[in-house]
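Okay, so here's the structure we're looking at.
The values are calculated or read from the model by the stated rules, or taken from the named source; none is laboratory data. Note that the coordinates shown come from a computational prediction; the quantities given were computed from them, not determined experimentally. Because the Cβ atoms are built from the backbone with ideal geometry, glycine has one as well, and the counts that use them run over all protein chains shown. The accessibility values were calculated without ligands, DNA or RNA, using every heavy atom of the protein model including side chains. Shrake-Rupley method; radii C 1.70, N 1.55, O 1.52, S 1.80 Å.
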Amino acid sequence: MAHWFHRNPLKATAPVSFNFYGVAGSPAANKICNDLRTTRARLLEMFTDVTCTPETMKNATDAYFSLLQGFVASLDGTTQENKMRFIQNFKWTDTLQGNTPSAQQDVVFELVSMAFNVAVWYTKFASRLARKENISENEAKDVHRSLKAAAGIFKTLKEVHIPRLITPAEKGRDLEPRVIDAYIIQCQAEAQEVTIARAIELKHNATLIAALSFETANFYQKADHTLNTLEPECSSKWRKYLQLKQYFYMAYAYCYHGQTLLASDKCGEAIRSLQEAEKCYSRAEALCKEYRQTKGPGTTAKPSEQLFFLKLGGLIKNTLEKCQRENGFIYFHKVPAEPPQLELKASYGLAEPIAFELPPLSEQCTAEVYATFDLTKGAKSDKAKPKEEEVKPVKEPDLKPQKDTGCVVS
């Protein structure tokens, strides 16, 4: 497998104590508050723990979200908002906006922000695993599954939970449609990269590989277009990545389509397809340089020097030379002026997001315990409230690619 994925930074958040002082009027209510604090802190630790696995992440996520839903779901048998939903202020930064946080006094904002970070973690886990030198089949499946899981979380947040926010997301923030759509599409495209690598490794037929590559290139183009109205200073680097991957997979599509044409004795058209592959590859190479030089969120890398990139260049060159030799000895076909139209549809291998569901409500969160939270007693604690916590950037582990691998991680 040969992968290199651009990654934006994790979201950062201010600590939350869940100390509701006089409001929590019973030992059971106090225990819920204490458990919320500890499960939240534990989940935040998992984001930067390089030993964390998807199973560990799911357990940590479920532990926190099962309790947090006790402040969102209706527990008193009415259709009214949960009385605890708006009691706590939450601060979160955004993956594209540096260390400037957004704040909302809304538990739903906390839910979607934390879940968004969980999805980003899944993309980073996939990227980290893909950089390994000799990745096993099971590890490749984990990469594929993690990217589809991330897409599913982003998709569910967009469709189900973000619309519940009282205050809409500001432009350029993670929870606004353009940004979250780009994340969904990118995850699907990257999952298909795993499928393509697998198809090449197992020497599946060139028609399938060309079709998958074409669909993947279109995904990257769609993600790029989704971001084209964002402020350049926060989206330019990300867009360069999406563009270079688009041209890279268009080069793959034309290369393997050329092999299909040659197998059908259409040597002139095959040569023209391979020439177009060369053009797309050169454009991808230029975009790699632009990517390195563009400032913005995400880490700097040299994708054009990675093995995955160099291997494709060699494949295009060798296949084109073979077609030209065959045409000079056997076919003597005229090479068309225009490249072939790629109207390729993949019947297999397209990546669909894995549906995301919140865990069941914690058994601690009962109507009886809920009734012991008394908002009228909250005013007593005004003097005891600590000053607001700052949002400190997440210190992400510095993971560098190993030698002789086609992958790099951010």
- Rg/Rh for the chain: what does it come to with C-alpha atoms and Rh from Kirkwood? 1.08
- Item | Degrees between helix 27-46 axis and first principal axis of the chain (Cα, 0 to 90, nearest 10) | 20
- What value, in deg cm²/dmol to 500, does the helix sum -39500 (n - 2.57) over DSSP H runs of n ≥ 4 give at 222 nm once divided by the residues of the chain? -17500 deg cm²/dmol
- Query: Between the helical axis of 232-263 and the dominant principal axis of the chain, each derived from Cα atoms, what acute angle in degrees is found, rounded to the nearest 10?
  - Reply: 40
- Query: In square angstrom, what is the accessible area per residue of region 1-87 with a 1.4 angstrom probe?
  - Reply: 40
- Message: Could you give each residue of region 181-186 its phi-based ³J(HN,Hα) in whole Hz, using Karplus coefficients 6.51, -1.76, 1.60 with θ = phi - 60°, and x for Gly or Pro?
- Response: 5, 4, 5, 4, 5, 4
- Per-selection Rg to Rh, region 1-42 - Cα, Kirkwood hydrodynamic radius: 1.35
- Please work out the Cα convex hull volume for region 95-195 and give it in Å³ per residue. 94
- Query: Could the peptides 13-24, 353-364, 101-112, 48-59 be put in order, highest first, of the mean number of other beta-carbon atoms found within 10 Å of their residues?
  - Reply: 101-112, 13-24, 353-364, 48-59
- By the Kirkwood definition, with r running over pairs of different Cα atoms, region 47-128 has a hydrodynamic radius in Å of 14.3
- Tyr183 - accessible surface, heavy atoms, 1.4 Å probe, Å² rounded to 10: 20
- Task: For Lys148, list the lysines whose Cα falls under 21 Å from its own Cα; do not include residues on the same chain fewer than 8 positions away.
- Result: Lys11, Lys58, Lys124, Lys132, Lys158, Lys222, Lys245, Lys345
- Item | Extent along principal axes [Cα atoms of region 1-71; Å; largest to smallest] | 56, 23, 19
- Largest first and to the nearest Å, give the Cα extent of region 169-260 along each principal axis. 47, 18, 14
- Message: I'd like the distance separating the alpha-carbon centroids of region 90-159 and region 198-271, in whole Å.
- Response: 25
- Sorted by accessible surface (1.4 Å probe, heavy atoms of the protein chains only), largest first, Leu315, Leu175 come out as Leu315, Leu175
